[in-house]
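To start, the structure under review is shown below, and the notes come after it.
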Amino acid sequence: MPTDDLLAMIGRADELYSQRARSGAVRESVMVLSGARGTDRYEVQWRLARALFFLGQEAGSRDSSKQLYAAGIGAGERAVSLNSSRVEGHFWVGVNLALFAEVNSGLRALRALRWAKLELKRAAAISEPYHDAGPLRVLARLHHKAPKLLGGNLKRSRELFDRALAIAPSNSVTLIYAAELALDSGEPNRAATLLRQLLESSIDADWEFENTRDRELARSMLESLTRS
């Protein structure tokens, strides 16, 4: 594919992903990325992994989520094989693996979880600030949610969330996750502080979908804290 055509395709896919609050936009971006010659490019594959992660999160059934995350893992693997020195491939394959582990069980979930941690550590080693400290945020979430026998560690989770918030203090996803950790750690006052911090932050145009979603969740969580 000529460079100009590839850049136009990538630009269109990014534009559609930025419109992810609109139903069908991200699915259209997948069609754009997978429907043209030149899909064997790093810039295409990591974007496919990102889009498939989003569709997996929004899917209406567990089986659909599994299929989308599995496809996202495949795209992320291809990205890493094309360029292992860049952060995007490692990060998005790691995110898809983490969520694939969440919707599976047994050995399949265990293998995905271990692989996810490995890829996210590689992403963090390349660029901790990527995607508003995404590698640190997802690693922290894994340490929070994984059973102790599988490496879960609330103290380590808190350390990672603190590092992520030092880099991107207004990221709504990190603030929600850190607040949920605080609640599970018996720190309701810290949770309330984090939720208020989220609600007092301005909307980030690049994160409008997540900011809007997370504000609703933060209000609900604060109401529950007030009643308890």
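Summed over segment 81-111, residues that are touching a residue at least 24 places away in the same chain (Cβ under 8 Å), aliphatic (A, V, I, L, M) and not in a loop (DSSP other than H, G, I, E, B) total 8. Within this structure, SER84 passes the test of being modelled with pLDDT of 95 or more, of a type in the set (S, T, N, Q) and in contact with a His (Cβ under 8 Å, 6 or more places away or on another chain). Taking the listed residues ARG190, ARG219, ARG163, the one that is more than 18 Å from the chain's Cα centre (by Cα) and farther than 26 Å from LEU55 by Cα is ARG190, with no other qualifying. Just so you know, in segment 202-228 the residues that are touching a residue at least 12 places away in the same chain (Cβ under 8 Å) and of a type in the set (Gly, Ala, Ser) include one that is nearest to ARG20 (Cα to Cα), and it is SER202. Considering SER172, SER185, the condition of being farther than 23 Å from ALA109 by Cα, surrounded by 14 or more Cβ atoms within 10 Å (Cβ to Cβ), under 19 Å from the mean Cα position of the chain (by Cα) and modelled with pLDDT of 95 or more is satisfied by SER172 alone.
For segment 140-152, the criterion of being more than 20 Å from TRP92 (Cβ to Cβ), surrounded by fewer than 18 Cβ atoms within 10 Å (Cβ to Cβ), modelled with pLDDT under 95 and touching a His at 6+ places or on another chain (Cβ under 8 Å) is met by at least one residue. Taking the condition without any contact (Cβ under 8 Å) to a residue 24 or more places away in the chain, assigned by TED's automatic domain parsing to the domain that holds VAL103 and either crowded, with 16+ Cβ neighbours inside 10 Å or within 27 Å of GLU102 (Cα to Cα) (or both), does SER65 pass? In short, no.
Within segment 122-133, restricting attention to residues that are over 14 Å from the mean Cα position of the chain (by Cα) and in a helix (DSSP H, G or I), the residue that is surrounded by the fewest Cβ atoms within 10 Å (Cβ to Cβ) is ALA125. Can you go through ASP63, ASP5 and tell me which one is out of contact with any helix residue (DSSP H, G or I) (no Cβ under 6 Å at 6 or more places or on another chain), under 28 Å from ASN211 (Cα atoms), in a helix (DSSP H, G or I) and among the charged types (D, E, K, R)? It is ASP63. Please enumerate the residues belonging to segment 2-27 that are charged (D, E, K, R) and surrounded by 17 or more Cβ atoms within 10 Å (Cβ to Cβ). Residue satisfying the conditions is ARG20 alone. Among the numbered conditions (1) closer than 20 Å to LYS145 by Cβ; (2) touching a helix residue (DSSP H, G or I) at 6+ places or on another chain (Cβ under 9 Å), the only one that ASN211 does not meet is (1).
The values are calculated or read from the model by the stated rules, or taken from the named source; none is laboratory data. If you're wondering where the values come from, they're calculated on a predicted model, not measured in any experiment. We place every Cβ from the backbone using ideal geometry, glycine too, and count neighbours over all the protein chains shown.
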